[in-house]
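Q: Have a look at this one before I ask anything.
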Amino acid sequence: MTALSFETFPPKSLDASFHLWDTVHALAPLNPRFISVTYGAGGSTQSLTQEAAQTLRKSSGLPVAAHLTCTCQTRAEVLRTASRFAASGIDHIVALRGDAPNGDAFEPHPDGYANSVELIAALAQMGTFNICVGAYPDSHPDAASMSQNIDWLKAKIDAGASEALTQFFFEADSFLRFRDACADAGIKARITPGILPVTNWKRAKSFAKRCGTPVPVTIATAFDRANREDRADLFALTHCADLCDTLITEGVDALHFYTLNRPDLTVQVCRALGMMPAARALNVA
Ligand code: FAD
């Protein structure tokens, strides 16, 4: 059985709040192992992330993970946010360095954590949290090499993380090669592939460019053609389901979906993989 988790972002308006609630409502029948709530660039959504995570946990009854970054914040501010998460019953954190809000190179706050390893070690010391971290199958723009990218992931796990959630990628081989290299480097923690169901190809391409995720020519061509023929939805579903199917065949036992608060394609992919939402299964019974 493949374990599922879903990433959402915190709402900034009443309308967006309903949208998030609809998203979680649509995903809940898939029995997620957790729903995660992102943290705005530069710590911009501290209280929104906390409120959204807390409310989702209470009202949906699902396990919730809150993302936390250390960019543009002092150590004290970050620890205060972590303590607030803990006080509101959130014991699962996705701990990240984060990016500078304006796209500049990362510069630690003078009184802040210098990097993600310091943040993870501090959270681990609190003894309260299950800690996930980010991982980069196609490497990261700040990595000097793939081996440094993997060594750094090992340092993050050794600092107290129990699992890595990856950046999205377009080809199963990117993840499978990375998983093998991580195993060779002695990383034993679960590495869960991050899956982006593409609801808007133009946005996905620009997101990939920002993250340094290569877009294979064959996939770009296929999406462009599908867009011209008004069949992008169909291609996105086929491509994503095929990617997940290959990963599962290769022994992957958990998938983390970037939903962008648009659950429909994610639900369709899960159905295509035979993961029928619990409510439908009950109806059949
Ligand atoms: P790190 O892993 O610390 O660094 C990235 C790479 O840079 C490393 O692989 C390593 O090669 C290199 N590196 C960095 N520092 C050092 C060092 N001191 N020595 C050697 N090498 C180093 N961003 C948000 O703002 N909010 C979110 O909620 C959010 N959620 C995310 C969830 C997931 C699953 C992922 C994968 C990313 C998310 N991000 C989020 C984006 C993330 O903040 C950026 O990718 C950021 O650039 C890196 O954060 P990190 O903790 O993964 O970086």
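Q: If you count only protein heavy atoms and use a 1.4 Å probe, how large is the accessible surface of Asp245, to the nearest 10 Å²?
A: Rounded to the nearest 10, that gives 80 Å².
Q: Among the lysines, select those whose C-alpha is under 21 Å from the C-alpha of Lys12, and discard any that sit fewer than 8 residues away in the same chain.
A: Lys58
Q: Add +1 for every Lys or Arg and -1 for every Asp or Glu among the other residues with Cβ under 11 Å from the Cβ of Ser147, and state the total. Please list the in-between numbers first.
A: Details: positive: Lys154; negative: Asp151, Asp184.
It works out to a net charge of -1.
Q: Order the peptides 217-228, 90-101 from the highest to the lowest mean number of other Cβ atoms within 10 Å of their residues. List each step's numbers first, then the result.
A: Working: 217-228: 13.7, 90-101: 21.5.
Put in order of decreasing packing, that is 90-101, 217-228.
Q: Percent of alpha carbon pairs in the range 110-229 separated by more than 25 Å?
A: Details: 2304 of 7140 pairs.
Considering the range 110-229, 32 percent of its Cα-Cα pairs are separated by more than 25 Å.
Q: Cβ neighbours within 10 Å, averaged per peptide: list 202-213, 169-180 in order, most packed at the top.
A: Numbers: 202-213: 15.1, 169-180: 19.1.
Packing proxy ranking, top to bottom: 169-180, 202-213.
Q: Relative contact order for the chain using alpha-carbon pairs under 8 Å, separation at least 6, rounded to a whole percent?
A: Relative contact order comes out at 20 percent.
Q: Can I ask one more? Give the lysines reachable from Lys188 as a straight Cα distance under 19 Å; neighbours fewer than 8 places away on the same chain don't count.
A: Lys154, Lys156
Q: Between rounded, prolate and oblate, where does the range 172-285 land on the alpha carbon gyration tensor, with a ≥ b ≥ c its root eigenvalues, rounded for a/c under 1.5, else prolate if a/b exceeds b/c? Working shown, then result.
A: On the way: a/c = 1.98, a/b = 1.04, b/c = 1.90.
Since a/c reaches 1.5 but b/c is at least a/b, the shape of the range 172-285 is classed as oblate.
The values are calculated or read from the model by the stated rules, or taken from the named source; none is laboratory data. Predicted model, so just to flag it, every value in this text is computed and none were measured. Heads up, the Cβs are rebuilt from the backbone with ideal geometry, glycines too, and the neighbour counts pull from every protein chain shown. Side chains included, ligands, DNA and RNA excluded: accessible areas come from the protein's heavy atoms. Shrake-Rupley method; radii C 1.70, N 1.55, O 1.52, S 1.80 Å.
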